Amino acid sequence: DTGVSQDPRHKITKRGQNVTFRCDPISEHNRLYWYRQTLGQGPEFLTYFQNEAQLEKSRLLSDRFSAERPKGSFSTLEIQRTEQGDSAMYLCASSRTRGYNEQFFGPGTRLTVL
Amino acid sequence: ELKVEQNPLFLSMQEGKNYTIYCNYSTTSDRLYWYRQDPGKSLESLFVLLSNGAVKQEGRLMASLDTKARLSTLHITAAVHDLSATYFCAVDTIKGDTGRRALTFGSGTRLQVQP
């Protein structure tokens with residue numbers, strides 16, 4: 001399968017713990033995006049990478065959130081000191097640099113903070 | 001700030017009926033995407049609309065784009081139960097500060113097709 005993959009698919013954690021999610025984009029895509037989706041809403045942009053450079057971060061991305069994309073391949077999203085409000089589906093998407101901006105989404109990681 | 005509004009937010013319809021979902025947006029854009037999402041699943045790309053007057057059809061779904069009216073529609077013909085899902089439109093714009101193309105999603109339309 002050559003689509004976007006994410007790991008884990010589900011994560012349950014206690015408030016205050018740190019969690020890390022991984023995203024593997026489609027191999028020839030050098031743009032990578034993280035989104036957060038809460039129940040009944042559309043995805044909201046969190047951050048964007050072109051190759052290994054993190055070019056943009058949303059105001060939604062508080063200091064407790066950090067994202068990396070070493071070597072421009074897979075990406076990780078870490079949430080420190082989780083809060084119940086962090087419970088959501090975290091989606092990763094990738095796209096090509098050239099052509100239109102069609103983004104292909106991974107299956108998502110559903111985070112539940114107890 | 002770009003606003004993307006979909007209506008209706010919830011739609012219950014019987015098999016065999018036709019209906020249209022509307023997506024209005026508040027700023028200039030010439031690109032719009034429609035995605036489908038099944039419960040607990042990720043987003044599946046349905047249509048990419050790249051210019052004013054663009055019309056795409058796949059099976060019982062047809063999408064169109066009117067950039068002057070800032071409106072896209074997703075028309076469902078003779079609905080079947082398998083079309084039950086949430087449908088999102090996403091408007092593609094260039095962010096002024098970074099020059100990056102960005103997607104802004106609507107809240108989604110949850111479609112239930114009753115047998």
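Regarding B:Leu43, is this residue within 19 Å of A:Tyr35 (Cα to Cα) and crowded, with 16+ Cβ neighbours inside 10 Å? Talk me through it step by step, then tell me what you get.
Working: within 19 Å of A:Tyr35 (Cα to Cα): yes; crowded, with 16+ Cβ neighbours inside 10 Å: yes.
Yes, satisfied.
Inspect the stretch B:15-38 for any residue being touching a helix residue (DSSP H, G or I) at 6+ places or on another chain (Cβ under 7 Å) and surrounded by fewer than 14 Cβ atoms within 10 Å (Cβ to Cβ) and give the result as yes or no. Yes, because at least one residue in the stretch B:15-38 is touching a helix residue (DSSP H, G or I) at 6+ places or on another chain (Cβ under 7 Å) and surrounded by fewer than 14 Cβ atoms within 10 Å (Cβ to Cβ). Going by the structure shown, is B:Tyr35 hydroxyl-bearing (Ser, Thr, Tyr), touching a residue at least 12 places away in the same chain (Cβ under 8 Å) and within 11 Å of chain A (Cβ to nearest Cβ)? In short, yes. Looking only at residues of the stretch A:23-45 that are away from chain B (no Cβ under 12 Å) and surrounded by 15 or more Cβ atoms within 10 Å (Cβ to Cβ), we find that the one that is farthest from B:Arg36 (Cα to Cα) is A:Asn30. Please specify each residue of the stretch B:46-58 satisfying the condition of being more than 11 Å from chain A (Cβ to nearest Cβ), loosely packed, with under 14 Cβ neighbours inside 10 Å and assigned to a loop (DSSP other than H, G, I, E, B). B:Asn52, B:Gly53 - these are the residues of the stretch B:46-58 that are more than 11 Å from chain A (Cβ to nearest Cβ), loosely packed, with under 14 Cβ neighbours inside 10 Å and assigned to a loop (DSSP other than H, G, I, E, B). Here's a check for you: in the stretch B:59-100, which residue that is free of Cβ contacts under 8 Å to residues at least 40 places away in the same chain and within 21 Å of A:Thr97 (Cβ to Cβ) is surrounded by the most Cβ atoms within 10 Å (Cβ to Cβ)? For the stretch B:59-100, the residue satisfying everything is B:Arg100.
Bear in mind these aren't lab numbers, they're just calculated from the coordinates by the rules spelled out. Keep in mind that what you see is a predicted model, and the values were worked out from it rather than measured. Quick reminder, even Gly has a Cβ in these numbers, built from the backbone with ideal geometry, and neighbours come from all protein chains shown.
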